[in-house]
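The next block holds one structure in the form of structure tokens; read it before the comments.
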2 protein chains.
Amino acid sequence: MVPRLSSGWPSRLFWWRAARTPGAHGQPSTRNGASRVPPGVSPRVLAGGGPAVRRGSSSPSSRGPEVALTCERYPVRRLPFSVVSEEDLASFERIVPGRVVTDPEELEASNVDWLRTMRGCSKVLLKPRTTEEVSCILRYCHGRNLAVNPQGGNTGLVGGSVPVFDEVILSTALMNQVISFHSVSGTLVCQAGCVLEELSRYVEERGFVVPLDLGAKGSCHIGGNLATNAGGLRLLRYGSLRGTVLGLEAVLADGTVLNCLTSLRKDNTGYDLKQLFIGSEGTLGVITAVSILCPPKPGAVNVAFLESPFYVLVETSGSRAEHDAEKLGGFLDQALGSGLVTDGTLATDQRKVKMLWALRERITEALSRDGHVYKYDVSLPLDRLYDLVTDLRARLRPPAKHVVGYGHLGDGNLHLNVTAEAFSAPLLGDLEPYVYEWTAGQRGSVSAEHGVGFRKRGALGYSKPPEALQLMQQLKTLLDPKGILNPYKTLPVQA
Amino acid sequence: MVPRLSSGWPSRLFWWRAARTPGAHGQPSTRNGASRVPPGVSPRVLAGGGPAVRRGSSSPSSRGPEVALTCERYPVRRLPFSVVSEEDLASFERIVPGRVVTDPEELEASNVDWLRTMRGCSKVLLKPRTTEEVSCILRYCHGRNLAVNPQGGNTGLVGGSVPVFDEVILSTALMNQVISFHSVSGTLVCQAGCVLEELSRYVEERGFVVPLDLGAKGSCHIGGNLATNAGGLRLLRYGSLRGTVLGLEAVLADGTVLNCLTSLRKDNTGYDLKQLFIGSEGTLGVITAVSILCPPKPGAVNVAFLESPFYVLVETSGSRAEHDAEKLGGFLDQALGSGLVTDGTLATDQRKVKMLWALRERITEALSRDGHVYKYDVSLPLDRLYDLVTDLRARLRPPAKHVVGYGHLGDGNLHLNVTAEAFSAPLLGDLEPYVYEWTAGQRGSVSAEHGVGFRKRGALGYSKPPEALQLMQQLKTLLDPKGILNPYKTLPVQA
């Protein structure tokens with residue numbers, strides 16, 4: 001029996017289930033192979049040992065073999081950009097003195113993505129502190145025809161945040177200042193390099209929450225969140241960044257600073273230019289500052305962890321614990337009474353809530369420990385959401401190990417993961433274009449929230465008509481005629 | 001004493017107050033000059049007599065003098081577009097047989113805006129029923145270099161919806177079909193010409209609400225709502241169209257159909273092209289179909305009409321009447337106890353709720369009956385929201401009659417209205433650029449939700465930096481190189 005505790009509105013809703021593919025070998029992954037979690041189980045057991053590994057700061061790297069160069073693994077040719085010279089390095093040193101990184105070891109973490117499946121060979125990383133410095137860097141690179149890879153926390157999952165060849169890495173790591181916070185409206189204005197978790201702490205101390213939360217919060221930058229239009233764990237509750245971001249500042253390819261950093265709830269003075277930069281993955285400009293509306297911190301938060309054939313995590317937030325308890329209790333009574341839910345546990349205290357969330361947030365990490373992960377992130381009609389998983393389980397054979405489907409039930413977003421001991425080209429051939437065709441057949445999206453980056457640009461045509469792809473390319477050409485910003489990413493692969 | 005009735009979360013929050021300018025003559029306007037409304041007053045009295053006049057279907061026209069041609073009142077020169085010929089009319093007749101309007105009397109309603117301050121001299125209005133027909137029309141006009149004025153319900157307040165010269169009027173009036181409605185997710189897909197109020201009724205019968213509501217709902221089209229990024233009465237509760245619109249279909253200037261009509265909550269497959277068309281006022285393409293997420297209809301709705309020095313209208317929506325009653329009751333106790341609110345009335349039954357809302361929704365109409373209205377619609381920091389009103393009252397002299405400030409407290413949106421018996425150029429000179437400079441001084445927006453249209457394009461520079469204006473112009477040139485779509489609107493006035 002589920003204890004009746006307090007809650008209000010379903011604000012987050014997730015689910016996952018795991019099973020091994022027929023004939024697969026190897027250990028089931030820590031989280032997903034676990035058998036049914038008994039209700040009321042000790043939070044310590046639920047959360048597993050040790051602190052959460054943070055995407056970006058600690059990667060699955062240490063265990064795997066050397067990551068192959070992207071340009072060797074994938075058929076991609078370097079575009080005719082200039083090569084960074086000694087003179088260029090000297091110029092960079094004048095722009096950001098003492099913040100020009102050329103040490104190969106230091107560069108390693110920025111050349112390789114968190115999943116360790118992509119590796120660039122950049123020779124230089126720059127750490128500007130101000131918009132003005134970003135502008136100087138881009139103006140210089142534009143003049144010299146040097147390609148630039150903007151980088152936030154490097155937590156992306158589609159190879160969008162690391163160089164493909166020798167692009168100059170422009171890191172927002174030192175652009176981490178809060179500019180202002182309005183304690184009545186909850187409007188936060190900050191530099192693009194602020195780490196999401198730190199912003200979260202900052203506004204929570206002031207009675208608000210950031211309308212965005214995701215597993216990579218300990219490393220990801222708010223600028224990167226905007227650049228990738230990150231979805232995450234609070235989208236169902238607070239809506240997408242398209243609505244919660246009030247303004248931004250971006251530097252264009254030629255160094256022009258575009259200041260759209262307003263803090264107004266309503267502003268219909270012409271085209272909403274900020275939307276161009278949200279979700280364009282650094283290909284149209286580099287986001288340098290952000291203005292975002294933070295909702296009031298909910299007075300009552302409840303998490304329900306339920307079991308049917310699926311694990312379902314529901315978080316509610318409201319202002320009155322007793323009201324929320326009544327509503328959630330009523331819902332659970334109904335769900336249990338009808339047999340829809342077989343078992344579960346509820347949490348209201350912060351510690352247990354966090355531990356339940358860790359189960360969900362660490363799935364990505366758990367998967368990465370199962371070997372090479374083929375990751376797909378699709379939007380599907382709700383009633384077909386899990387069919388792709390069962391379909392693939394029936395279809396795939398070794399070297400596939402596990403087919404794992406989890407995701408965001410409220411958003412129709414399936415995270416589909418297929419693991420193998422190591423990268424296998426034939427397995428990739430079994431997965432693609434099959435997964436994309438299946439998704440297109442349901443009029444779904446081949447990238448729900450992870451974006452396009454390097455990996456999915458060949459799949460864009462499955463979700464966007466040719467007219468849309470052409471307009472994307474025209475926008476890219478308009479804003480970045482030399483194509484120096486995050487090349488080889490986001491735009492459809494040229495024929 | 002305010003009765004303690006039921007409510008939940010403040011979902012709409014409005015206020016207004018009226019006073020006459022020193023030395024002004026004439027009658028106080030019906031609504032705004034009214035003295036304090038006693039609490040518990042009969043709903044009949046509150047709502048006034050007769051059915052609500054709908055913007056577009058009935059305009060303040062019948063009383064006023066003939067509306068001057070826009071091109072005679074304002075310094076604007078016709079661009080070198082072709083003139084519609086007999087041959088063109090024959091071609092249109094082949095594209096939309098029986099739906100080519102050339103009768104001057106019928107054209108009148110589409111040549112003059114609802115405020116009756118702008119008049120075009122278009123000789124033809126076309127009524128396509130399908131996207132394909134819109135595409136054929138635009139392809140033809142593009143080839144012939146004919147300017148086109150897309151028109152929905154013609155309820156706009158900035159002169160964006162009527163021709164300035166002899167543009168071909170492309171009306172969405174017959175594109176009024178619901179395409180699909182998903183009864184679990186609440187996703188509504190429909191043609192652009194559906195009237196907001198009819199959509200509202202359609203989804204409410206199915207247990208949902210449109211996330212958008214505004215005074216012009218009886219006439220405005222959903223396509224026009226998107227094209228102008230309409231804010232309205234539910235923005236505080238459900239967020240802006242930037243978040244609630246899931247997809248759209250638009251026809252570009254050359255007739256290309258851009259199908260971004262998905263119904264997915266999450267879709268990060270490249271640039272979010274639909275955002276280009278939301279709020280671009282028909283200058284980048286004609287929206288032909290819309291996919292929008294409708295939230296569940298709230299089980300409990302309460303409206304509080306409060307008085308302090310200001311009238312404040314608060315609407316809450318929730319799922320449990322008794323919970324909401326407790327929360328709203330607590331809030332009112334506190335507000336009354338502290339002296340912040342002096343008096344008021346509460347409503348839960350649908351009839352009284354509607355009547356209270358009519359007080360707010362009919363302010364625009366009431367103002368228009370006071371003579372010529374100089375309308376401003378600005379976003380300001382909350383703590384300066386009303387200062388512009390008091391400032392202007394002290395500053396203006398006759399022929400100004402009333403300075404009325406009302407708006408959306410939760411959004412920081414002030415609707416500033418100055419009335420006079422008739423249009424007066426010197427009064428305009430007193431108002432502009434003063435109002436814009438004042439707003440820019442507060443880093444506000446010179447158009448919060450009404451848009452730019454014809455009237456505000458000279459004011460864009462007060463809220464957007466030159467780099468942004470330039471990018472807007474570049475986008476216009478990219479998408480509509482001949483400039484045939486809604487010319488003389490939205491873009492900054494060329495030097």
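Where a number appears in this text, it was derived from the coordinates with a stated rule and is not lab data. Just so it is clear, the structure is predicted and the values come from calculations on it, not from any experiment. Here Cβ is always computed from backbone atoms with ideal geometry, including for glycine, and neighbour counts include all displayed protein chains.
Taking packing as the residue-averaged number of other Cβ atoms within 10 angstrom, the listed peptides B:260-271, B:281-292 run from highest to lowest as B:281-292, B:260-271. Packing order of peptides B:425-437, A:447-459, B:394-406, highest average first: A:447-459, B:394-406, B:425-437 (average count of other Cβ atoms within 10 Å over each peptide's residues). Sites listed here are trypsin sites (Lys or Arg not before Pro) in the range B:154-229 whose DSSP assignment is loop and whose Cβ has at most 16 other Cβ atoms within 10 Å: B:206. With θ taken as phi - 60° and the Karplus curve 6.51 cos²θ - 1.76 cosθ + 1.60 applied, the whole-hertz 3J(HN,Hα) list for the range B:224-233 is x, 4, 5, 4, 9, 6, 4, x, x, 8 Hz, x standing for glycine and proline.
For the segment B:271-283, counting C-beta atoms of other chains within 10 Å of every residue's C-beta and taking the mean gives 6.
Close amide H contacts of residue B:247 (hydrogens built in the peptide plane, cut-off under 5 Å, sequence separation of 5 or more or a different chain): B:291. Pairs to check: A:274/A:352; B:352/B:456; A:266/A:297; B:401/B:476; A:401/B:274; A:482/B:127. Give those whose C-alpha atoms are more than 32 Å from each other in this structure. Long pairs (Cα-Cα over 32 Å): A:274/A:352; B:352/B:456; B:401/B:476; A:401/B:274; A:482/B:127.
If you take every residue apart from residue A:87 with its C-beta less than 12 Å away from the C-beta of residue A:87, what net charge results, scoring Lys and Arg +1 and Asp and Glu -1? Kindly include the intermediate steps, with their values, before the conclusion.
Details: positive: A:94, A:144; negative: A:86, A:88, A:93.
Local net charge: -1.
Under 5 Å between amide hydrogens, built in the peptide plane, is the criterion, and for residue A:168 it picks out A:147, A:148, A:149 among residues at least 5 positions away or on other chains.
If both residues of a DSSP beta bridge must be in the range A:62-171, then about 35% of such bridges are antiparallel.
Rounded to whole numbers, the Karplus 3J(HN,Hα) couplings from phi for the range A:150-162 are x, 9, x, x, 6, 10, x, 10, 10, x, x, 9, 10 Hz, using 6.51 cos²θ - 1.76 cosθ + 1.60 with θ = phi - 60°, and x at Gly and Pro. Label points for residue B:179 are taken 7 Å from Cα along Cα→Cβ. From this copy to the others they lie 3.8 nm apart, shortest first.
Cα convex hull of the range A:286-354: mean projected area in nm², to one decimal? Show your work: numbers first, answer last.
On the way: hull surface 28.4 nm².
One quarter of the hull surface, i.e. the mean projection, equals 7.1 nm².
Over the protein assembly as shown, the pair-distance histogram of Cα-Cα distances with 20 Å bins from zero comes to 13, 44, 35, 9, 0 percent, rounded to whole numbers. Amide H to amide H, with H built 1.01 Å from N, residue B:214 comes under 5 Å of B:233, counting only residues 5 or more places away or on other chains.
The average projected area of the range A:62-171, computed from the convex hull of its Cα atoms over all directions, is 7.0 nm². Extending 7 Å from the Cα toward the beta-carbon at both residue A:206 and residue A:334 defines two label points whose distance is 3.9 nm.
Rounded to the nearest 20 Debye, what is the dipole magnitude of chain B about its Cα centre when Lys and Arg each give +1 and Asp and Glu each give -1 at the C-beta?
Details: 54 positive and 48 negative charges, 142 e Å.
So the magnitude is around 680 debye.
From the alpha carbon centroid of the range B:215-259 to that of the range A:437-495 is 24 Å.
Rg/Rh for chain A stands at 0.96; both radii use Cα atoms, and Rh follows the Kirkwood definition. Here the 3J(HN,Hα) profile of the range B:338-351, calculated from phi with Karplus coefficients 6.51, -1.76 and 1.60 at θ = phi - 60°, is 7, x, 5, 10, 9, 6, x, 9, 10, 9, 10, 6, 3, 5 Hz, Gly and Pro shown as x. Highest mean first, the peptides A:354-361, B:105-112 sorted by other C-beta atoms within 10 Å per residue fall in the order A:354-361, B:105-112. Helix B:86-95 and the longest principal axis of the C-alpha atoms of chain B enclose an angle of approximately 70°. Bridging of residue B:354 to aspartates and glutamates at a Cα separation below 15 Å is possible for B:197, B:213, B:315, once same-chain residues fewer than 8 apart are set aside.
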